[in-house]
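The values are calculated or read from the model by the stated rules, or taken from the named source; none is laboratory data. Since the model is a prediction, treat every value here as computed from it, not as a measurement. Using ideal geometry, Cβ is built from the backbone for each residue, glycine included, and neighbour counts are taken over all protein chains shown.
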Amino acid sequence: MIVRPKPGLLALFFVMRGSVVPRILPHIFGFAAYAAVIVIAVDVASFDMSSFSIAPFGLLGVALSIYMGFRNNAAYDRWWEARKLWGELVYEVRNLARVGNGLIEDRTERRALLMEALAFCHFLRGQLRGVDVIAEARKFIGDEVDAVARAINRPDALVRRMGRRAAALRQKAAIDAIGYRIIDERLATISAVQAGCERIAGTPLPFAYTLLLQRTAHIFCLLLPFGLVSSAGWATPLFTALVAYTFFGLDALSQELEDPFGMEANDLALDAICRVCEISIFEALDEPVPVMPAPERYFYS
């Protein structure tokens, strides 16, 4: 995720970190070169293009803008829902630390439960991003991570382990029935957060939307020089490049937001959120608190 102040007017045109421009440069230059070829061909061959006007493109552009607006709104809804889910996870981890301090007198058991919660956060991050997080989880639960790593759904395995630990405390009368219910409610909410993240990660936007938009955008930019050449002349490549930047830029941005758990510039900063959970847990245990990582060129991973 890019976190930076709004750039000034001059810097606004040169900011690349977090921009989708590098991804769509081939489209921009390609359509600009194509438009230049059209202008040269019309000029050399002396074609009369006065019968072609820009009016039909206004209607097609409005329709295309509506489709793109719908797709971008749908992609942003996925991104924002994912952020709310991870915000809820931070909230529930803090709640678990608070009730653990109040209900579990045995510090060893209390710490073990909270370390498993931190391992859950990292395993959920690893599952959503498709990365290996065993080394990070080992810092919290030690060699027990090997047993968890053998599970197909590792985050869910951690929730089950926490549930068994709470049940064992109840059987030993270390907590009463009400205390067990409070802890179990926290675990149920954490499991619901995982299910919500899995739903977003496993259900992409329908492919037909992407196909329709990209086809229409390509056709629009291919035909646009014919409508501009008679009125814009040698400025046709410039206007075509601007239209390509707008349409394909919005499409590229929606593709990034559609998968909010990745490692691209506009995806969620899951590493930083996991560190927030670590800080909350270690503060609750009165142990040394890890530092928040600094952004790398405005980028939080």
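Kindly evaluate residue 173 against the criterion of being touching a helix residue (DSSP H, G or I) at 6+ places or on another chain (Cβ under 9 Å) and small (Gly, Ala, Ser).
No, not satisfied.
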> Of the residues 49, 1, which single one is modelled with pLDDT under 70, farther than 22 Å from residue 76 by Cβ and either of a type in the set (Ser, Thr, Tyr) or surrounded by 15 or more Cβ atoms within 10 Å (Cβ to Cβ) (or both)?
Replying inline: 49
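Matching residues to (1) within 18 Å of residue 77 (Cα to Cα); (2) at pLDDT below 90; (3) in contact with a strand residue (DSSP E or B) (Cβ under 8 Å, 6 or more places away or on another chain):
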position	(1), (2), (3)
257	yes, yes, no
263	no, yes, no
267	yes, yes, no
272	no, no, no
281	no, no, no
298	no, yes, yes
>> Being closer than 30 Å to residue 171 by Cα and among the β-branched types (Val, Ile, Thr) is the filter here; which residues of region 65-115 pass it?
In response: 90, 93, 99, 104, 108
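Yes or no: residue 103 touching an Asp or Glu at 6+ places or on another chain (Cβ under 9 Å), touching a residue at least 60 places away in the same chain (Cβ under 8 Å) and surrounded by 13 or more Cβ atoms within 10 Å (Cβ to Cβ)?
On the way: touching an Asp or Glu at 6+ places or on another chain (Cβ under 9 Å): yes; touching a residue at least 60 places away in the same chain (Cβ under 8 Å): yes; surrounded by 13 or more Cβ atoms within 10 Å (Cβ to Cβ): yes.
Yes.
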> When residue 115 is evaluated against the numbered criteria (1) within 21 Å of residue 271 (Cβ to Cβ); (2) surrounded by fewer than 18 Cβ atoms within 10 Å (Cβ to Cβ); (3) touching a Phe, Trp or Tyr at 6+ places or on another chain (Cβ under 9 Å), which criterion, by number, is the only one it fails?
Replying inline: (2)
